Structure formats: C-alpha cells, structure tokens
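To start, the structure under review is shown below, and the notes come after it.
The values are calculated or read from the model by the stated rules, or taken from the named source; none is laboratory data. Predicted model, so just to flag it, every value in this text is computed and none were measured. As a convention, Cβ positions derive from the backbone with ideal geometry for all residues, glycine included, and neighbour counts pool all protein chains shown. Protein only, heavy atoms only, side chains kept; ligands, DNA and RNA dropped before computing areas. Shrake-Rupley method; radii C 1.70, N 1.55, O 1.52, S 1.80 Å.
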Amino acid sequence: MATWFSVGAGGALGAIARHALNHLIHQRLFTATFPYGVFAANVLGSVLIGMLTGLVAGGRVQVGPSARLFLVVGLFGGFTTFSSFSLDTLALVRDGHPAQAALNVIGQVGLGLAGVFAGYRLASG
C-alpha cells in the first residue's frame, strides 16, 4: 500500500511542477500555438531522469526501491507529459499546422533522447 501512495504523491508533485512550468512559459514568455511548456517539461524531465539513473548506476547515490518509485514513476512520470504531447501534436495537425506538429515530434523525441543520454553521462561519470 505504501508503494501506491509513494507513486501517487510523486505523481501529484510532478503534475504540479509540470503545470507551474507550463503556466510560466505560456503566460509570461510565449503565447504562440506551439506547445513550448509541454516541450520544455518533456526535455527537462528526460535530463533529470537520466541524471538520477546515472547517479544510481555510477554508485554516487543510493536510492531504495520506494524512493526510486517515488522519483522515477511518480515525480518524473507526473512531470513528463507524453500523453499531453500526443494530444498537442494531434491538435496541431487538426488545426492545420503539420510543420509544427512534425517539429514537435522530432524536437521532443530527439531532444528527450539526447537529454536522457546527456543526463546519464553527466551523472554516471
């Protein structure tokens, strides 16, 4: 039972952090149709999950099973937003912005993979 609450608490915190970042970006920085906030959350979340797993793999940080579930499944799972990413991409296509939809897919997947690789490499030594 504690595992479920750990994942749920992490997920709630991750979702709050994602919403705050999205709000900051769209309300203060950009008002364009492109989903910059979701894009930033996915790339940043990929870097952070890469760093955490790199730190654990490199033996620099010890993380127990419950904490790992809280962080990786809960916090980072709630923060990264690939379901929102998919919906935003569909909306761009439906609204007649196929080039932005392609940029969204290529950019988020490419930078997300680069971010998780970079975070892992930076943290694992």
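Leaving out ligands and nucleic acids, note down the accessible area per residue over the chain with a 1.4 angstrom probe, in whole Å².
Per residue, the chain has 59 Å² of solvent-accessible surface.
Starting from the Cα-Cα distance between residue 33 and residue 61, subtract it from 0.36 nm times their residue separation and give me the gain in nm to one decimal.
Full extension from residue 33 to residue 61 adds 6.1 nm.
Enter the angle in degrees (range 0 to 90, nearest 10) between the Cα long axis of helix 2-24 and the first principal axis of the Cα atoms of the chain, meaning the one along which they spread out most.
On a 0 to 90 degree scale, this one is about 40.
How much length is gained on full extension from residue 82 to residue 15, taking 0.36 nm per residue of separation minus their Cα-Cα distance?
Fully extending the segment from residue 82 to residue 15 adds 22.9 nm.
Taking the Cα centre of the chain as origin, work out the dipole magnitude from +1 charges on Lys and Arg Cβ and -1 charges on Asp and Glu Cβ, in debye rounded to 20.
Dipole of the chain, to the nearest 20 debye: 240 debye.
Taking the chain as a Gaussian network, Cα atoms linked when under 10 Å apart, which of 24, 113, 13 shows the biggest mean-square fluctuation?
Answer for the Gaussian network model of the chain: 24.
Counting each DSSP H run of 4 or more residues in the chain as -39500 (n - 2.57), what helix-only mean residue ellipticity at 222 nm follows after dividing by all residues, to the nearest 500 deg cm²/dmol?
Result for the chain: -24000 deg cm²/dmol, rounded to the nearest 500.
Between residue 23 and residue 106, 0.36 nm times their residue separation minus their Cα-Cα distance comes to what?
Once the chain is fully extended between residue 23 and residue 106, it gains 27.6 nm.
Among (1) 0.94; (2) 1.03; (3) 0.97, only one was calculated for this model; which label is it, if the read-out is Rg/Rh (Cα atoms, Kirkwood Rh)?
Of the listed options (1) 0.94; (2) 1.03; (3) 0.97, (2) comes from this structure.
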